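Please read the structure below before turning to the comments.
Each value in this text was obtained by applying a stated rule to the coordinates, not by laboratory testing. Please read all numbers here as calculations on a predicted model, not as lab measurements. Quick reminder, even Gly has a Cβ in these numbers, built from the backbone with ideal geometry, and neighbours come from all protein chains shown.
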Amino acid sequence: MPVNEDQPRSRVEVDEGGTVVASAEVDLPEGSPAARAALHVEPGHRAPGTSSRLVDAVLETKEVREAGKLVAAVPKGDGEAIEHAHERMPSATMRSAGSTVIIEAQLEETPLEGTQLQGTQLEDTPPHN
């Protein structure tokens with residue numbers, strides 16, 4: 001995902017036992033109606049729910065909440081993330097693009113209430129001046 005160093009962005013990470021096992025970069029390009037996210041899960045065994053936690057964390061970022069619309073790139077092999085994205089955003093459209101699935105959605109829900117994203121870190125990355 002090309003990044004303009006002057007635009008605000010967030011990085012979310014899912015941590016298991018002190019090791020980052022999944023992450024996403026999220027931004028809201030100036031003038032764009034949609035936030036963009038690129039999700040990545042480290043190879044190897046990971047606990048069930050890891051990708052779902054990453055999707056939830058992306059949906060809770062300031063950029064996604066402000067935009068109300070999301071375009072996300074998810075690895076095609078991450079069925080858990082794709083399924084959870086569809087559960088959270090039932091009206092989303094999904095299409096294959098090489099080894100990636102592009103998910104586009106107008107968000108209809110408010111943030112998860114009463115849910116703690118345990119083991120998930122959210123980091124706002126300030127614009128570079």
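List residues of the range 44-64, by number, whose backbone nitrogen lies under 17 Å from a label position 7 Å along Cα→C-beta of THR19. Of the residues in the range 44-64, 44-51 have backbone N under 17 Å from the label point off THR19. Charge tally for GLU104 (other residues, Cβ to Cβ under 11 Å; Lys, Arg +1; Asp, Glu -1): +3. Taking a point 7 angstrom from the Cα of GLN7 along the C-beta vector, which residues in the range 28-42 have backbone N less than 16 Å away? The answer is 28-39, whose backbone nitrogens lie closer than 16 Å to the label point.
Using a cutoff of 8 angstrom between alpha carbon atoms and counting only pairs six or more residues apart, the relative contact order for the range 15-90 works out to 32 percent. Across the range 9-107, the convex hull enclosing all Cα atoms gives 88 Å³ per residue.
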